[in-house]
Each structure stands twice: as structure tokens, then as C-alpha cells.
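As C-alpha cells, the structure follows; a few thoughts come after it.
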Amino acid sequence: MRSNSLAALAAISILSILSACGGGSSSTGSSGSSTTISGSVVKGNVSGATVIIKNAATGAAIATTTTDSSGAYSVSVSFNGDVVVEATGGTYTDEATGRATNLSTPLRVALTASGSTVTGMVTPLTSMAYTYAFGNSTTAVTTAAYNTMATSVASQFKL
């Protein structure tokens, strides 16, 4: 049972890192054609998490939605450019204890809204890459900088 859980976690992590690596970069952003951003919040499936899509350059909220019972979300935004998908709150089943646990630390991923459909898997590994790339610095959040760090994190975990 534990090896199946570890295999599933590894597969989710690989998909999360790969799905986060996509698109070009535009740090300024603009209104434009609609982009559907969808994915899942995974630390176990995080049910009832608030997902906020933010303009990466300014930090301003563009859209908000909530995950379903399987951790999935989908939202349409009229924005082109780099965005941060941030998940807060909600509950998941802790793998170690089997207990329902509140998501106490925000999880994040950066991606580019480009007028089509993009996937933003939000996981502890994508959040690790985000924190390593931007931490508490005043460095502008860009998908290009995030993708560089996501590749490094994936390499460190042999993904």
C-alpha cells in the first residue's frame, strides 16, 4: 500500500513539474483573449481549497475559485501574461496518519496565460520551486524564472 502511495506521489510530482513548464513569458500581462486555467491542488487531493489566480507582475488577484472534492479546479480569465496560481485552505488526507488535515501553508505554481487552455498543478514540489525562485525577494515573478527553478528541483529529485 505504501509503495503504491509513493509511486502515485512520484507520478503526480513529475506531472506537476512538467505541466508547470510551458509557454513563453510576459511579465507585464494584459487583458485579452480568455485563458482557461485548470488543474488540481495535490497534497493528497485538497478539497475546498481557495484558488487565487494572480497577476505575477503586480500580485493583484485576477480570479478566484474553489477546488472540488478531488482537488480539481478550473477558471477562465481575460488576461495574457504570467500568473501565479495560489491555493490556500481546504483539507486533504495526510498520507502518514490517514487523517483529514487542513492545508496550512499556501501552495503555488507560476505559468503563462496565453489565450488558450493551460494546466496548473499545484503541489508541494511546485511550491518548493516557487519559493526557491522567488522566496522573500523583491524579484519579479516570471514564468521563465520559475521554470528554471522547477527544472532544478525536478533534477534534484531525479524526476
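The values are calculated or read from the model by the stated rules, or taken from the named source; none is laboratory data. Remember, it's a predicted structure, so these values are computed and weren't measured experimentally. Positions of Cβ are backbone-derived with ideal geometry, glycine not excepted, and every protein chain shown enters the neighbour counts. Only protein heavy atoms, including side chains, enter the accessible area calculation; ligands, DNA and RNA are left aside. Shrake-Rupley method; radii C 1.70, N 1.55, O 1.52, S 1.80 Å.
Could you calculate the FRET efficiency of Thr64 with Ser137 from 1/(1 + (r/R0)^6), where r is the beta carbon distance between them and R0 is 30 Å, rounded to 0.05? Step by step, r from the Cβ atoms, then E = 0.70. Counting only DSSP beta bridges with both residues in the stretch 29-159, the antiparallel share comes to about 90 percent. Largest accessible area first, the listed residues Arg99, Arg108 line up as Arg99, Arg108 when surface is computed with a 1.4 Å probe on the assembled protein chains. Over the stretch 85-150, the hull volume per residue, using the convex hull of the C-alpha atoms, is 108 Å³. Using a simple spin-label model with pseudo-atoms 7 Å out from Cα toward Cβ, Thr151 and Thr117 lie 2.7 nm apart.
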